[in-house]
1. Based on alpha-carbon positions alone, could you give the equivalent ellipsoid semi-axes of chain B from the gyration tensor, as √(5λ), descending, whole Å?
2. What Rg and what Dmax come out for the protein assembly as shown when only alpha-carbon atoms are used, in angstroms?
3. With only alpha-carbon atoms counted, please give the Rg and Dmax of the stretch B:32-97, in Å.
4. Cut-off 13 Å, label point 7 angstrom out along Cα-to-Cβ of B:VAL60: give me the residues of the stretch B:78-103 whose amide nitrogen falls inside.
5. Please work out the FRET efficiency for the pair B:ALA2 and B:ALA52, using the Cβ-Cβ distance as r and a Förster radius of 22 Å; give the result to the nearest 0.05.
6. Could you work out the relative contact order of chain A? I mean the mean sequence separation of Cα pairs under 8 Å and 6+ apart, divided by the number of residues, in percent.
7. Calculate the length of the line joining the C-alpha centroid of the stretch B:1-25 to that of the stretch B:35-87, in whole Å.
8. Loop only by DSSP, 12 or fewer other Cβ within 10 Å of the Cβ. Give me the trypsin sites (Lys or Arg not before Pro) in the stretch B:14-115 that pass, ordered by residue number.
Amino acid sequence: GQSLEQPSEVTAVEGAIVQINCTYQTSGFYGLSWYQQHDGGAPTFLSYNGLDGLEETGRFSSFLSRSDSYGYLLLQELQMKDSASYFCAVRVNTNAGKSTFGDGTTLTVKP
Amino acid sequence: NAGVTQTPKFRILKIGQSMTLQCAQDMNHNYMYWYRQDPGMGLKLIYYSVGAGITDKGEVPNGYNVSRSTTEDFPLRLELAAPSQTSVYFCASSYAGTSGSYEQYFGPGTRLTVT
């Protein structure tokens, strides 16, 4: 099976940088995705790492180290609207895009 | 494009009742998924489909059934509802994409309470 660990809560101030870590144990690892979910809303896709290294999309970056079974999401220039839950999800080696999600990290951005 | 749509948005069921949660997507995605999300938790995969006529179980399939007669529609059936099925249900669809990300597009969710 698969298991993922991420911190349950993170707090930061507006304008700061925050890093949300994700470690995983899985067989047939194919890639790591990150999703954002605002309270009461649906998850939305943020980024995907299929290879080791850093992927950058605007203020958000995501990193993967396959040898360490570890990844992180980096959020820069935090804004109040970034307050949300962030989920890492591992994709196993199938052609169905099946993913196992972590339990999420609740980010609170304070003024 | 409407994306992924789900109906109903809210529902209260009595124990033992049955219902169907509807899901439709207009993006011509092959892959579709049903998840449940309990408070403060992540998404648990119930069933998924790789195309019309093909479905398979996820992590938590007991008490549910699905069908996929068309590319667009992927209904989830709850038989003999139990309080443990109280949750928020999300439907999602995806395609492989150029990076192989299988980025998932989620519907707005159905909030189900079983009492």
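Here, each number is a calculation from the coordinates, and none is a lab measurement. Remember, it's a predicted structure, so these values are computed and weren't measured experimentally. Positions of Cβ are generated from backbone atoms using ideal geometry, with glycine treated the same way; all protein chains shown enter the neighbour counts.
1. Values: eigenvalues 111, 39, 34 Å².
Result for chain B: semi-axes of 24, 14, 13 Å.
2. In order Rg, Dmax, the Cα atoms of the protein assembly as shown give 17.4, 51 Å.
3. Cα-based Rg and Dmax for the stretch B:32-97 come out at 11.9, 38 Å.
4. Residues passing the 13 Å test: B:82-90.
5. Numbers: r = 19 Å, r/R0 = 0.88.
So the FRET efficiency works out to roughly 0.70.
6. Reported as a whole number, the value is 37 percent.
7. Here the two parts' Cα centres lie 11 Å apart.
8. Within the stretch B:14-115, the qualifying trypsin sites (Lys or Arg not before Pro) (loop, at most 12 other Cβ atoms within 10 Å) are B:LYS14.
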